[in-house]
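The values are calculated or read from the model by the stated rules, or taken from the named source; none is laboratory data. Predicted model only: the values in this text are computed from it and were never measured. Every residue, glycine as well, gets a Cβ built from its backbone with ideal geometry; the counts of neighbours run over all protein chains shown.
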């Protein structure tokens, strides 16, 4: 493998996290005070006129926050198959839980502290119910329980978790380098377009994002030379078309036009960086932001909103100072959590995954896909179980 191209994906993590933070702290905070009030539990901010021009620039015509999320999804689609190849499907899932959940719990605790400080400062009632908080500590469970969003970013983690489950269920296809893996986005698109015939399923509600992540899987197949350039073009076309169908079916045509262009630009940025990895910066700060990108992504929003709400609107400090303070706070908290929690749990996650590598053949693949089944039989079994057993 070309290690420069792997490094490009790692560097993009930092840029993606910064893009999301710019969209939220520079754009959304100033233009959507009602949203800020909902997430922080503080009184709605008095508009500071005129609106900062930069706030409009980071949200239109390309929303930097959405672009950053799109890049995160593509990175996951590209690198998760690599992790999946290192162990059994069960160890893979256990390792992902160990890698993600402790850090998320720590970051969500910080979010709760920020909400408490904001409500204490403005002398307003505590806005959250205990049930919502408990479910929110377990991403995925929150979505299934239908409780409220508290930190504004957990939904993307829940999409990631569902993608992990789908990939683990299709592990046999990945290990055989089967192109039938790209039947999954087609199945998701068909299910999304026929959602009225299904009971409410979480996996269908996030089908647009899951299908998009399979574009990243196509990059993985191309990167590892499992497919030719001509095959890649065909597969990219199929997956993108499936994404559009799922998007229109679940989210609507207007949403596709409003948000889809940011995903399209994210795909262009990712493709450009894949094609020209040497042009992607790899400096010390870029590596640092890539390393802390996960906790930074989790803690930048609500704590940043609460701090900016006090600094800019209540204390009357300059906007630039408020924005820089929010970024500094998020980076500082993320760095502490990265070194104190994320690194140790990442090492433990690696041990969970690699300890079972020698026994992965005995562990076998999930019962959903039999390695001895025919290609048609495998695809049929996979399609049934994807919608019966994943993320319901």
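Go through the range 269-286 and report how many residues are out of contact with any helix residue (DSSP H, G or I) (no Cβ under 7 Å at 6 or more places or on another chain) and under 15 Å from residue 75 (Cβ atoms).
The qualifying residues number 2.
Residues are listed down the side, and each one gets a yes or a no for (1) surrounded by 14 or more Cβ atoms within 10 Å (Cβ to Cβ); (2) over 14 Å from residue 114 (Cα atoms); (3) within 24 Å of the chain's Cα centre (by Cα):
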site: 281; (1), (2), (3): no, yes, yes
site: 285; (1), (2), (3): no, yes, yes
site: 288; (1), (2), (3): yes, yes, yes
site: 291; (1), (2), (3): yes, yes, yes
site: 302; (1), (2), (3): yes, no, yes
site: 316; (1), (2), (3): no, yes, no
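Could you figure out which of (1) in contact with a helix residue (DSSP H, G or I) (Cβ under 8 Å, 6 or more places away or on another chain); (2) in a helix (DSSP H, G or I) isn't true of residue 61?
(2)
One line per residue, one yes/no per condition, for (1) modelled with pLDDT under 90; (2) part of a helix (DSSP H, G or I); (3) within 30 Å of residue 12 (Cα to Cα):
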position: 39; (1), (2), (3): no, yes, yes
position: 47; (1), (2), (3): yes, no, no
position: 54; (1), (2), (3): yes, yes, yes
position: 75; (1), (2), (3): no, yes, yes
position: 105; (1), (2), (3): no, yes, yes
position: 128; (1), (2), (3): no, no, no
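Scan the range 342-358 for residues that are buried (at least 16 other Cβ atoms within 10 Å of the Cβ) and either at pLDDT 95 or above or within 15 Å of residue 290 (Cα to Cα) (or both) and report the count.
Adding up the residues that qualify gives 2.
Given the criteria in a loop (DSSP other than H, G, I, E, B) and out of contact with any helix residue (DSSP H, G or I) (no Cβ under 7 Å at 6 or more places or on another chain), does residue 226 qualify?
So residue 226 fits the description; yes.
Taking the options 221, 214, 182, 174, name whichever one is at pLDDT below 90, surrounded by 20 or more Cβ atoms within 10 Å (Cβ to Cβ) and part of a helix (DSSP H, G or I).
174
Of all residues in the range 111-151, which are buried (at least 21 other Cβ atoms within 10 Å of the Cβ) and within 15 Å of residue 39 (Cα to Cα)?
111, 114, 115, 118, 136, 150, 151
Taking the options 140, 77, 118, 68, name whichever one is in contact with a helix residue (DSSP H, G or I) (Cβ under 6 Å, 6 or more places away or on another chain), touching a residue at least 24 places away in the same chain (Cβ under 8 Å) and on the phi > 0 side of the Ramachandran plot.
140
Evaluate the following for residue 92: is it at pLDDT 90 or above and assigned to a helix (DSSP H, G or I)?
no
If a residue has to be surrounded by 21 or more Cβ atoms within 10 Å (Cβ to Cβ) and at pLDDT below 85 to count, how many in the range 78-88 make the cut?
3
Of the conditions (1) farther than 30 Å from residue 188 by Cβ; (2) surrounded by fewer than 21 Cβ atoms within 10 Å (Cβ to Cβ); (3) touching a helix residue (DSSP H, G or I) at 6+ places or on another chain (Cβ under 8 Å); (4) at pLDDT 85 or above, residue 320 fails just one. Which one is it?
(3)
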